[in-house]
Amino acid sequence: MFRIGDKVAHPMHGAGVIDDIVTEMVAGEKQDYYVFRMPVGGLTLKIPTVSGETNGLRGVWDIGRVYQLIQDIAGLEVERFVGSWNQRYRENMEKLKSGDLYEVARVVKSLLHREHEKGLSTGERKMLRTAKQILISEMVLSTGEDYNDLERQVHTAAAGGVKDS
């Protein structure tokens with residue numbers, strides 16, 4: 001169970017802070033909720049405490065692990081999808097839902113390269129924004145660095161090496 005002030009990451013929304021734990025009546029039953037506030041983007045969510053971890057809520061990565069990821073992005077494989085855009089979209093969405101920042105970084109890198117080579121569909125542009133939000137919001141909370149600075153670091157690292165898979 002998380003406590004007020006804990007920095008946590010949600011697989012589909014990114015990183016934030018537990019601002020409060022509240023009890024509310026829902027369908028005639030009392031339920032406890034984490035009040036999850038995202039400093040980047042300003043979103044506030046209520047997540048049931050009983051299902052927080054089963055929904056992928058976890059503590060943010062430590063600073064050393066985040067800086068290692070930034071270094072590793074250049075070596076991540078960029079997938080060259082042969083299938084349709086919706087198949088690509090589904091596979092990328094599964095990676096985002098995993099909550100694994102390396103998988104999220106792979107999605108970001110792949111979409112940045114696809115954007116550079118062929119352009120992105122509207123859905124893929126939205127997915128790239130979402131993936132960057134998930135990735136960089138956790139980096140911001142972990143390192144304390146500025147969002148735009150970290151975004152530049154991610155873009156530079158993503159441009160650093162392209163390996164076909």
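The values are calculated or read from the model by the stated rules, or taken from the named source; none is laboratory data. Note that the coordinates shown come from a computational prediction; the quantities given were computed from them, not determined experimentally. So basically every Cβ, Gly included, is an ideal-geometry build from the backbone, and we count neighbours across all protein chains shown. For accessibility, only protein heavy atoms count, side chains too; no ligands or nucleic acids. Shrake-Rupley method; radii C 1.70, N 1.55, O 1.52, S 1.80 Å.
Key figures
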quantity	calculated
Residue under evaluation residue 52, criteria (1) at pLDDT below 90; (2) farther than 24 Å from residue 111 by Cβ; (3) open to solvent by 30 Å² or more (accessible area, probe 1.4 Å), criterion not met	(3)
In region 40-49, the residues that are open to solvent by 70 Å² or more (accessible area, probe 1.4 Å) and of a type in the set (Ser, Thr, Tyr)	44
Residue in region 82-91 that is exposed (fewer than 15 other Cβ atoms within 10 Å of the Cβ), of a type in the set (D, E, K, R), without any contact (Cβ under 8 Å) to a residue 60 or more places away in the chain and in contact with a Lys or Arg (Cβ under 9 Å, 6 or more places away or on another chain) present	no
Residue ID - farthest from the chain's Cα centre (by Cα), chosen from residues in region 130-162 that are open to solvent by 40 Å² or more (accessible area, probe 1.4 Å) and either on the phi > 0 side of the Ramachandran plot or among the small types (Gly, Ala, Ser) (or both)	160
Counted residues, region 92-101 - those being open to solvent by 50 Å² or more (accessible area, probe 1.4 Å) and either under 22 Å from residue 121 (Cβ atoms) or touching a Gly at 6+ places or on another chain (Cβ under 9 Å) (or both)	3
Subset of region 1-50 [under 30 Å from residue 63 (Cβ atoms) and hydroxyl-bearing (Ser, Thr, Tyr)]	33, 34, 44, 49
Flag if residue 151 is touching a strand residue (DSSP E or B) at 6+ places or on another chain (Cβ under 8 Å) and modelled with pLDDT of 95 or more	no
Subset of region 11-39 that is within 19 Å of the chain's Cα centre (by Cα) and open to solvent by 30 Å² or more (accessible area, probe 1.4 Å) - its residue that is modelled with the lowest pLDDT	39
Any hit, region 62-75, residues being in contact with a strand residue (DSSP E or B) (Cβ under 8 Å, 6 or more places away or on another chain), open to solvent by less than 20 Å² (accessible area, probe 1.4 Å) and not basic (Lys, Arg)	no
Residue that is farthest from residue 12 (Cα to Cα), among those in region 102-129 that are crowded, with 19+ Cβ neighbours inside 10 Å and in contact (Cβ under 8 Å) with a residue 40 or more places away in the chain	112
